[in-house]
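Let me begin by presenting the structure, written as structure tokens, before commenting on it.
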Amino acid sequence: MIPPPLVTDDLVSIAIEKYADMVRRICFLYLRDKADVEDVFQEVFLQYFLHINTFQDEQHQKAWLCRVTFNKCKDLNKSIWRKRVVSIEDLEIPFENPEQGELVTAVLQLPTAYKEIIYLHYYEGWTIPEIAEIMQQNVNTVYTQLRRAKTKLKQKVGVI
Amino acid sequence: MKDFASYLDKVKADEGLKEKTKAVIINAYTNQDLQSSRIDSRKGDGAMRKLMGATASIAACLMILIGGYAYYNTPVNYVSLDINPSVELGVNAFNRVVRAEGINADGQALLKQNRVINVSVESALQELVQAAVEQGYVAEDGSTVIALTALSDNEDKAILLRDRTRDRVQLLLREKDIEAVLYADCSNLQIRSQAQDMGISPGKLRLISMMQSLDPNITVEQYRGARITEIISKANELLQSSGTAGIQSQEYERTRAMIMAADQEIYQNRQRLQDQNRIQNQYQNNGQVQAGDQVQNQTQNQYQYQNKGQVQGGDEVQNQIQNQYQYQNQLQDQTSGEQQNQVQNQYQNQIVPQIQTQSSGDQQQNQIQNQTPSPTTQEPEQNRVKQGKN
């Protein structure tokens with residue numbers, strides 16, 4: 001086992017401040033329960049500090065965190081006794097207008113793989129080849145999945 | 001997609017969440033005990049999950065095995081065998097015997113000597129019937145009834161089971177040359193529970209209840225120890241006396257026909273064997289028969305007819321018989337010409353059926369025997385006379 005790196009209060013504070021919102025947003029895509037979100041936060045950041053010496057640059061860190069968070073969320077949803085239907089009603093933040101509500105609801109109802117790509121592409125602004133690298137998938141696969149995700153969204157909300 | 005992005009912008013980790021996470025992380029990395037456990041937690045989870053998976057799959061396998069065994073071990077149909085030893089076999093869905101129960105003491109003894117569990121129902125019955133024959137439960141006069149009753153909730157299955165078992169036992173009886181009457185019937189499982197309460201076999205109860213419908217005075221107790229043969233005879237008696245009055249259901253009609261047929265067969269078997277025995281005994285008394293097998297009996301019968309014909313110079317049939325006898329003699333001597341053969345062949349064709357009808361055995365035959373003196377002494381003389389005539 002790799003010896004745990006030296007972790008100071010400051011380092012933890014800075015990292016959490018920097019990435020907490022992003023991790024929280026990914027959690028929002030998958031999890032509705034506050035306790036689940038807490039679990040994911042703890043596990044993601046524990047892993048993060050464990051590997052803190054292996055990151056090459058900022059971009060790498062961010063991509064790594066995205067990937068780990070996705071996986072943690074999916075793991076949590078995989079467990080049979082935690083399987084829950086995502087209920088859209090208890091979203092904490094009110095929608096600005098009905099169109100936004102429709103869109104967000106539609107995105108949340110997408111299959112897991114499509115949600116990831118939509119998030120990474122439209123929110124984080126990564127390009128498809130970058131996403132393919134993060135997700136360790138073929139570039140064309142990601143294109144196809146994005147196209148399918150968009151088709152599904154169009155069917156539900158009309159124009160995006 | 002702007003709406004989506006603007007909405008996500010508003011999603012932020014609240015301070016409480018950040019603080020809590022921070023505390024946990026710092027705690028994990030400073031506290032040695034926690035450190036190893038928390039950081040290794042992933043590994044632990046994986047091992048745990050594997051263990052749980054293995055346990056679950058083993059449990060599933062066990063359940064399938066236990067379930068399969070329970071399914072195998074549950075009798076769904078029953079066959080009741082009544083000779084006098086009454087035995088009930090529980091048959092599972094795969095047509096194997098999984099329960100064997102002696103209803104009376106003889107049945108229990110029979111089962112003790114013959115292990116029939118886990119064999120097919122046909123072989124089990126074959127074995128039991130054979131054992132019963134060997135132990136003398138089946139009388140040699142052919143009057144014994146072997147009753148098979150197939151019991152199932154499904155009528156088609158009951159009929160199928162009845163036919164299969166009946167065919168097999170019939171085959172056995174034919175192979176081993178056993179004279180017995182086979183009575184095969186089927187019914188539902190309801191009668192089985194009733195029979196169990198009364199402590200008799202379902203096959204017996206079915207016949208007794210049949211009799212009760214004809215004569216309300218009959219009780220189960222009367223026939224508890226009776227042999228099936230007796231029950232069938234009594235049932236037929238009742239049926240004869242009641243005639244066709246009061247017949248309602250098809251089911252009843254069928255049972256009635258079966259009982260009558262079985263009784264008829266008993267009667268026939270008995271008669272046939274009695275006749276055979278009588279003939280045999282008489283010959284033995286006269287000291288004529290050395291080995292009492294049937295072929296000899298038949299030839300002797302022929303001799304007797306011929307003798308009688310000669311002595312009394314009787315009717316045409318007897319004359320024909322005489323001629324046949326002559327023919328036989330000539331064949332032996334090898335003196336006969338072709339023309340003669342033709343004539344005699346004609347005779348023989350006419351004679352043979354007549355002889356058969358007569359020698360198939362009844363009173364007339366016996367009379368003949370009584371009247372006839374010993375053929376052994378007369379034979380040579382007669383031959384000479386006949387040859388002389390020719």
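The set of residues in the stretch B:142-155 being outside any strand (DSSP E or B) and modelled with pLDDT of 85 or more consists of B:Ser152, B:Asp153, B:Asn154, B:Glu155. Among the candidates B:Arg166, B:Arg162, B:Arg192, the residue that is assigned to a helix (DSSP H, G or I), in contact with a helix residue (DSSP H, G or I) (Cβ under 7 Å, 6 or more places away or on another chain) and of a type outside the set (A, V, I, L, M, F, W, C) is uniquely B:Arg192. If you filter the stretch A:132-146 down to residues that are surrounded by fewer than 17 Cβ atoms within 10 Å (Cβ to Cβ) and assigned to a helix (DSSP H, G or I), you find that the one that is modelled with the lowest pLDDT is A:Glu133.
Table: residues versus (1) surrounded by fewer than 18 Cβ atoms within 10 Å (Cβ to Cβ); (2) over 20 Å from B:Pro75 (Cα atoms).
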position: B:Ile146; (1), (2): no, yes
position: B:Ala150; (1), (2): no, no
position: B:Asp153; (1), (2): yes, no
position: B:Ala158; (1), (2): no, no
position: B:Arg168; (1), (2): no, yes
position: B:Leu171; (1), (2): yes, yes
position: B:Tyr183; (1), (2): no, yes
position: B:Gln196; (1), (2): yes, no
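Yes/no per residue for (1) surrounded by fewer than 24 Cβ atoms within 10 Å (Cβ to Cβ); (2) outside any helix (DSSP H, G or I):
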site: B:Glu122; (1), (2): yes, no
site: B:Leu125; (1), (2): no, no
site: B:Gly136; (1), (2): yes, yes
site: B:Glu140; (1), (2): yes, yes
site: B:Glu179; (1), (2): yes, yes
site: B:Gly203; (1), (2): no, no
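Filtered by the rule that a residue be away from every other protein chain (no Cβ under 13 Å) and surrounded by fewer than 22 Cβ atoms within 10 Å (Cβ to Cβ), the stretch A:115-131 gives A:Trp126, A:Thr127, A:Ile128, A:Pro129, A:Glu130. Of all the listed residues (B:Gly107, B:Gly142, B:Gly136, B:Gly102), the sole one being more than 21 Å from B:Ile232 (Cβ to Cβ), more than 13 Å from the chain's Cα centre (by Cα) and not charged (D, E, K, R) is B:Gly102. Number of residues in the stretch A:43-57 that are in a helix (DSSP H, G or I), more than 9 Å from chain B (Cβ to nearest Cβ) and touching a residue at least 12 places away in the same chain (Cβ under 8 Å) equals 2.
The rows are residues; the columns are (1) in contact with a Cys (Cβ under 7 Å, 6 or more places away or on another chain); (2) within 13 Å of chain A (Cβ to nearest Cβ); (3) modelled with pLDDT of 90 or more; (4) not in a helix (DSSP H, G or I).
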residue: B:Leu8; (1), (2), (3), (4): no, yes, no, no
residue: B:Lys12; (1), (2), (3), (4): no, yes, no, yes
residue: B:Asp45; (1), (2), (3), (4): no, yes, no, no
residue: B:Ala56; (1), (2), (3), (4): no, yes, yes, no
residue: B:Cys61; (1), (2), (3), (4): no, no, yes, no
residue: B:Gly67; (1), (2), (3), (4): no, no, yes, no
residue: B:Val79; (1), (2), (3), (4): no, no, yes, yes
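The residues of the stretch A:27-42 that are part of a helix (DSSP H, G or I), farther than 19 Å from B:Lys22 by Cβ and hydrophobic (A, V, I, L, M, F, W, C), listed by number, are A:Phe28, A:Leu29. When A:Glu99, A:Glu92, A:Glu17 are screened for being at the interface with chain B (Cβ under 9 Å from one of its Cβ atoms), part of a helix (DSSP H, G or I) and at pLDDT below 85, only A:Glu99 passes. Within the stretch B:73-99, the set of residues being closer than 23 Å to B:Ile231 by Cβ and of a type in the set (Ser, Thr, Tyr) comprises B:Tyr78, B:Ser80, B:Ser86.
The values are calculated or read from the model by the stated rules, or taken from the named source; none is laboratory data. Not measured: the values here are computed from a predicted model. All Cβ positions, glycine included, derive from the backbone under ideal geometry; neighbour counts span all protein chains shown.
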